[in-house]
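Everything below concerns the one structure shown next.
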Amino acid sequence: MPGHLGLLSLNQLQNNYMNRIILTLLVFLSLVMNGQNVKFNQINKENQKTGVWKLKSKDKDIEIVMEFLDGEYVTETKYYKDNRIVASYNNDLNEFLIIKDSVTTKAKFLLNEDDSRTLVSIDGNEIEESILDYFYSFSELDPLYEGGIEKFYVFMAKNLTLGNFHGMLKIQFKIDSNGVGNFMKLIEVNDEKLEKEAKKVFQKMPRWQPAHKNGICIDTIMIFPLNVN
C-alpha cells in the first residue's frame, strides 16, 4: 500500500509540473501576442503623452524609451546604444546616470534663464568634456518621419497640388514635442492659394517622431525645399 501511494504522489507531481509548464507557455504566448498589438508614441484626447514612447535614431542604433500616464513620466528614461543601456534619467529627481566603459557618472540638469538646460555633475561642477561628448552622441535625436525623409517627400508628392507653380518651394513648419506638425508656411513664395493648399495637406500628415534633447522631447522648426519642375 505505501508503494502504491508513493506512485500516486509521483504521478500527481508530474501532472502538476506539466500543468505549470503549460500555464507558463500560455502566459508567454499571451504576452507575445499582446506585445504585437502595443502601439507606441501615443497621445490622449488632451494631447498628452501616454503609454510607452520609443524614439530611434535615423540609423536605428540609438533608442530612447520612456513611459507616460496623461503627460506625466511614470518610469525613468532609458537610453540604449547598439542594444546596450548607456544612461538613465530620473525625471522626478533630476538625476542622470551615464555609463561609459563600465564607469557611471552621476549628473543633473541646471535650468538656465532662457529655459535651456545644462548638464553638470550631481554636485554642480562641470563634467569632463569626453563624458559630455559621449552623452550628446546618444541623447540628441532629430525629428524623424516614419519610414524616413524619402517617405515624407512621397507623401507630399501624392497629396500636394501645385497648379502651375514651377521652381524652388521652401516649406517651413514646426514639429512639436508630441510629433505633431503645425504652423506651416511658405518661404520666399507669396502665393496665398498655394499656401492654403499646403496647409490642407499638412492637416493630413501623420505624426512624426519628435526631437529629443537634454532629457526631454522638444519642439523643432523644420524647413524643406521642394524643387518643382
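For the stretch 92-107, which residues satisfy the criterion of being surrounded by 15 or more Cβ atoms within 10 Å (Cβ to Cβ) and either outside the structural domain of residue 71 (by TED's automatic domain parsing) or more than 14 Å from residue 78 (Cα to Cα) (or both)? 105, 107 - these are the residues of the stretch 92-107 that are surrounded by 15 or more Cβ atoms within 10 Å (Cβ to Cβ) and either outside the structural domain of residue 71 (by TED's automatic domain parsing) or more than 14 Å from residue 78 (Cα to Cα) (or both).
Identify, from the list 152, 138, 173, 165, the residue that is of a type in the set (Phe, Trp, Tyr) and farther than 25 Å from residue 56 by Cβ. Lay out the reasoning, then the answer.
Values: 152 fails: farther than 25 Å from residue 56 by Cβ; 138 fails: farther than 25 Å from residue 56 by Cβ; 173 fails: farther than 25 Å from residue 56 by Cβ.
Exactly one of 152, 138, 173, 165 is of a type in the set (Phe, Trp, Tyr) and farther than 25 Å from residue 56 by Cβ, namely 165.
Of the residues screened, residue 79 is one that is outside the structural domain of residue 217 (by TED's automatic domain parsing), surrounded by 14 or more Cβ atoms within 10 Å (Cβ to Cβ), in contact (Cβ under 8 Å) with a residue 60 or more places away in the chain and touching a helix residue (DSSP H, G or I) at 6+ places or on another chain (Cβ under 7 Å).
Residues that are of a type in the set (Gly, Ala, Ser), exposed (fewer than 14 other Cβ atoms within 10 Å of the Cβ) and either modelled with pLDDT of 95 or more or on the phi < 0 side of the Ramachandran plot (or both) occur at least once in the stretch 135-144.
Of all residues in the stretch 178-195, those satisfying the criterion of being surrounded by 16 or more Cβ atoms within 10 Å (Cβ to Cβ) and within 30 Å of residue 42 (Cβ to Cβ) are 178, 179, 180, 181, 184. Could you grab me the full set of residues in the stretch 74-98 that are part of a loop (DSSP other than H, G, I, E, B) and within 17 Å of residue 62 (Cα to Cα)? Once the filter is applied, which keeps residues that are part of a loop (DSSP other than H, G, I, E, B) and within 17 Å of residue 62 (Cα to Cα), the stretch 74-98 yields 76, 82, 83.
The values are calculated or read from the model by the stated rules, or taken from the named source; none is laboratory data. These numbers were taken from a predicted model, which means no experiment stands behind them. With ideal geometry, Cβ positions are generated from the backbone for all residues, glycine too; neighbour counts draw on all protein chains shown.
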